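One structure below.
The values are calculated or read from the model by the stated rules, or taken from the named source; none is laboratory data. All of these numbers come straight from a predicted model, not from anything done at the bench. FYI the Cβ positions are ideal-geometry reconstructions off the backbone, even for glycines, and counts take in every protein chain you see. Heavy atoms of the whole protein, side chains included, go into the accessibility calculation; ligands, DNA and RNA do not. Shrake-Rupley method; radii C 1.70, N 1.55, O 1.52, S 1.80 Å.
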Amino acid sequence: MALVVAVAALLTGTGLTAAPGAAPRMAHGHGYPADRIADEPTRRFTLTAATATVRVSGRDVAAWAFNGQVPGPELTATVGDVVQVTLRNQDIGRGVTLHWHGYDVPNGQDGVPGVTQAAVLPGEEFDYRFRADQAGTYWYHTHSVSDVGVRMGLYGVLVVRPGPVTGLDVTVPVHTLAGLALPAPRTEPVAAGTPVRMRLINTDSTTHRYALAGTAFRVAAIDGSDLRGPTSLVDTAVLIPAGGRYDLVFEAPATPVALLVDGRAVFSTGPVSTATGGWPVLDPLRYGAAAAAPWSRYDRTFTLVLDRGLDLRGLLPRYAHTVNGAAAPDIPSQVVHRNEVVRFRIVNRSQVVHPWHLHGHHVLVLSRDGEPATGSPLWLDSFDVRPGEVWVVAFRADNPGVWANHCHNLAHADAGMTLHLMYS
């Protein structure tokens, strides 16, 4: 809880204030004030976390659910909205929070227990409020005991649009619940010439392979950020890391199309027999039109070496996923100053993939294995660092607070691979 106290002191620099004459709203029983903004909400939602039984592939499955469904309700907003979400916990004994994955909210709204707030316990509630100023595809999930909570079903989609929907706009959050694949297959006829946007979201802890058969398409955005000069692709698969999102756009042809995830059709406009297993995989670092980096120098550089090691903090030693030879909570925080340009060098010395996720910021990919990124500027919040790879990414420190910085294979995070970025 020491980090909660630290971040409370830092929040005075976030620019968020209580409404004039209003007392700060408190999470019931916590005594921790949520950030407030002066404008009244234009989009209000309530999410109630509770144990539930849901139907998946013809089977009843025990789950933890928001509003009795998995995934939880799809939350939508338009740029300029002020979003308020009231989280209520009915009976999740280990507590819940809401983390807005990829949405760079003010620190006090980030939903990390022990860092930005206390977990919301049964019978309690907490209000989150933030301005919808980033259009794109995002998702939300509990960050309290997240390895269990997300796997059990406490997640949902957040979509912020720049304006009214035109054409067909489809969200496809992929998840594995009790060993069963979500979503269920869906067929929806679409008139030829209809513009289609498919928002692909990987809510699992491992990479999935996506293939759009029957049409050419463009990757319009990755992790909520539009790509520059995306070109037409055909018979090409994309790999989406844990937590990542790709937006595919195309004009519906007169013949059927189908989206396959790991070879399983999840959305189609009719029968498609195309086999996709042998298709090449898109390299996003080489896709789209290049542009100069926005910075000519870097104020601070950190190296993160990802590995396996022994954690000796408990009564018995255990193998842990480590960063720079240490496991959480013993990994030193990385301290930055506001407006610095910060560079991360991430080295995977282990034998498994680590999907990396820094809260509160998107990072610009500079290079992988010493080869500069040559495609569209690639601003990511989730990216796979494969065994032996070295990624170099950078960002501007423009969102003050204390931020989680961790592997988004949530079992790895739970086993030690979590540290924090802290503003001085």
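Of note:
- With the highest mean first, a sort of the peptides 406-412, 302-308 on other beta-carbon atoms found within 10 angstrom per residue produces 406-412, 302-308.
- The phi torsions of region 372-386, fed into the Karplus equation with coefficients 6.51, -1.76 and 1.60 and a -60° offset, translate into couplings of x, 5, 10, x, 4, x, 10, 9, 10, 10, 8, 8, 7, 9, 7 Hz, rounded to whole numbers, with Gly and Pro shown as x.
- Under the convention that each Lys and Arg Cβ holds +1 and each Asp and Glu Cβ holds -1, the size of the dipole of the chain around its Cα centre is about 220 debye.
- For region 343-400, the set of trypsin sites (Lys or Arg not before Pro) satisfying both a DSSP loop assignment and a count of at most 15 other C-beta atoms within 10 Å is given as Arg349.
- Per residue, the convex hull volume that the Cα atoms of the chain enclose (Å³): 144
- The average projected area of region 284-384, computed from the convex hull of its Cα atoms over all directions, is 7.5 nm².
- Averaged over residues, the count of other Cβ atoms within 10 Å places the peptides 251-262, 124-135, 289-300, 352-363 in the sequence 352-363, 124-135, 251-262, 289-300, highest first.
- Compactness of region 364-424 - radius of gyration and Dmax, Cα, Å: 13.3, 35
- Estimated dipole of region 264-408 in Debye, rounded to 20 [Cβ of Lys and Arg +1, of Asp and Glu -1, Cα centre]: 80
- Carbon and sulfur %, accessible surface of the chain computed with the full protein complex present, 1.4 Å: 53
- Ranking of Ser376, Ser205 by solvent-accessible surface, largest first: Ser205, Ser376 (1.4 Å probe, protein heavy atoms only, all chains present).
- Per residue value of the accessible surface for the chain (all protein chains in place, 1.4 Å probe), Å²: 40
- Residue-wise HN-Hα couplings along region 195-205, as the Karplus relation 6.51 cos²θ - 1.76 cosθ + 1.60 with θ = phi - 60° gives them from phi, are x, 10, 10, 10, 9, 9, 10, 9, 9, 7, 9 Hz; Gly and Pro carry x.
- Furthest towards positive pole of dipole, Thr51, His412, Val261, structure part the chain, Cβ charges: His412
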